[in-house]
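FYI, it's all coordinate maths here, none of it is from the lab. Just so you know, these numbers come straight off a predicted model, no measurement behind them. All Cβ positions, even for glycine, are placed from backbone atoms using ideal geometry, and neighbour counts span all protein chains on display.
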Amino acid sequence: MTDPLSPESRVWVAGHNGLVGSALLRRLKAEGLSRLLVASHAELDLRNQAATRAWVAANRPDAVFLAAATVGGIQANVTRPADFLYDNLMIAANVLEACATSGNAKVLVLGSSCIYPREAPQPIPEEALLGGPLEPTNEAYAVAKIAALKLAQAYRKQHGSRFISAMPSNLYGPGDNFDLATAHVLPALIRKFHEAGQSGTVTVWGSGRPKREFLHVDDLADALVFLMRRYDDAAPINVGTGEDETIVELAARVRDIVAPRAHIVFDATKPDGTPRKLLDVSRLRALGWKHRIGLDEGIRSTWEWYKQTGGKRQGASQ
Ligand code: GDP
């Protein structure tokens, strides 16, 4: 099999201004790849079928990382379900159809651990997909991501397209979203403790009892490059650390690093979301990949990035 990431390869990172896309660009540049294809949101709206088809036909990528998505934390998912379902369905459908009908790109579709049923066995094996009802707070996003991975499988089956999909656990890292209304829990807590300082109080949403698994986005980018080269199967593959902790433990961890004397209170009026979504990563481990960045180290470098940038990504459109 030829390497989809050879020095001559034309590699499209769809969603290059996002958390995952920007980490992928860093990783691919470090790999020495120079024919990297990107299009800003203003240049190409992936929800537009004709524009997406034309762009793919003109640029003819050899490899595609589909990291473009409308994403957000629990509150954004609850308040904007139509955006999360419509945008993500359209992005996946348009990119996969364009790549299937124009050229022979290998495409890696990025999903999420929220695709699995709320009551899935823990840790969650890939086979748990569609075994039960979804967590209501992120059902719209999950349905779009399930449709995307099923579409990838369908093109594979019907047309032999080299489409694969990877399901990461909760991601964080440099380039994260620190807007408290739309952020995920980890950047939200970093910002809240940073602003609280030594004597302030931080409000943590929900009961603190849910457990979450956190993967540094640079580890994810490394795994995605690994999978693009080594994985060619219809089954989605989980990407995580294999370890999780409660929101209470996470809040104490972030406090100890950012503001050790700050106080923590819980706001029980905010939703907990799914009780637990620890991924079973044994398939990825068996292929030979394991994460490298520990949670304390990752929180420190993400806080550093936040202090340096104020939470604003360079080149980001919003
Ligand atoms: P989820 O993994 O899809 O539920 O998304 P989040 O990362 O937004 O939330 C994870 C958990 O952290 C939920 O139980 C939230 O209630 C909890 N949490 C605690 N404090 C915060 C906060 O300040 N922001 C967010 N987004 N979640 C918080």
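With contributions of -39500 (n - 2.57) from each DSSP H run of at least four residues, the per-residue ellipticity at 222 nm computed over the chain stands at -13000 deg cm²/dmol. Rounded to the nearest 10 degrees, the angle from helix 19-30 to the longest Cα principal axis of the chain is 60 degrees.
Got a sec? Which residues in the stretch 102-121 would a label at ASP3 touch, if it sits 7 Å along Cα→Cβ and we count backbone N under 17 Å? From the stretch 102-121, the list is 106.
Rounded if a/c is under 1.5, else prolate if a/b beats b/c, else oblate: with a ≥ b ≥ c from the C-alpha gyration tensor eigenvalues square-rooted, which is the stretch 263-318? Here the stretch 263-318 falls in the oblate category. Net charge of the neighbourhood of ALA68, taken over other residues with C-beta under 12 Å away and scored Lys/Arg +1, Asp/Glu -1, is -1. Going from the fewest other Cβ atoms within 10 Å to the most, the residues LYS270, LYS29 appear in the order LYS29, LYS270. With both residues required to sit in the chain, DSSP beta bridges show an antiparallel share near 5%.
How do THR302, THR269, THR70 line up, fewest other C-beta atoms within 10 Å first?
On the way: THR302 23, THR269 7, THR70 20.
By the 10 Å Cβ count, ascending: THR269, THR70, THR302.
Amide hydrogen proximity for PHE266: with H placed 1.01 Å from N in the peptide plane, the residues at 5 or more positions away or on another chain lying under 5 Å are VAL204. With the charge dipole of the stretch 1-154 set up from +1 on Lys and Arg Cβ and -1 on Asp and Glu Cβ about the Cα centre, the Cα lying farthest toward the positive end among the listed residues GLN122, LEU5, ASN138 is that of LEU5. How would you classify the chain from its alpha-carbon gyration tensor, with a ≥ b ≥ c the square roots of the eigenvalues: rounded for a/c under 1.5, else prolate if a/b is greater than b/c, otherwise oblate? Since a/c reaches 1.5 and a/b is larger than b/c, the shape of the chain is classed as prolate. Taking 0.36 nm per residue of separation and subtracting the current Cα-Cα distance, fully stretching the chain between LYS312 and ARG26 would add 101.3 nm.
Of the beta bridges in the stretch 187-318, as assigned by DSSP with both residues counted there, near 25 percent are antiparallel.
Let me make sure I get this right: for the stretch 41-155, a, b and c are the square roots of the gyration tensor eigenvalues over alpha carbons, sorted descending. Under 1.5 in a/c it's rounded, otherwise prolate if a/b > b/c, else oblate. Which is it? Since a/c reaches 1.5 but b/c is at least a/b, the shape of the stretch 41-155 is classed as oblate. Exposure proxy ranking for SER40, SER169, based on other Cβ atoms within 10 angstrom of each Cβ and starting from the fewest, stands as SER40, SER169. When the charge dipole of the chain is built from unit charges on Cβ atoms (+1 for Lys and Arg, -1 for Asp and Glu) and taken about the Cα centre, the candidate among GLY21, ALA286, LEU186 whose Cα reaches farthest toward its positive end is GLY21. Measuring r between the beta carbons of THR246 and ALA54 and using R0 = 41 Å, the FRET efficiency lands at 0.30. A straight Cα-to-Cα reach below 12 Å connects LYS312 with the aspartates and glutamates ASP176, ASP179, residues fewer than 8 places away in its own chain not being considered.
In percent, what relative contact order does the chain have, based on Cα pairs under 8 Å that are 6 or more apart in sequence? Relative contact order for the chain comes out at 20 percent.
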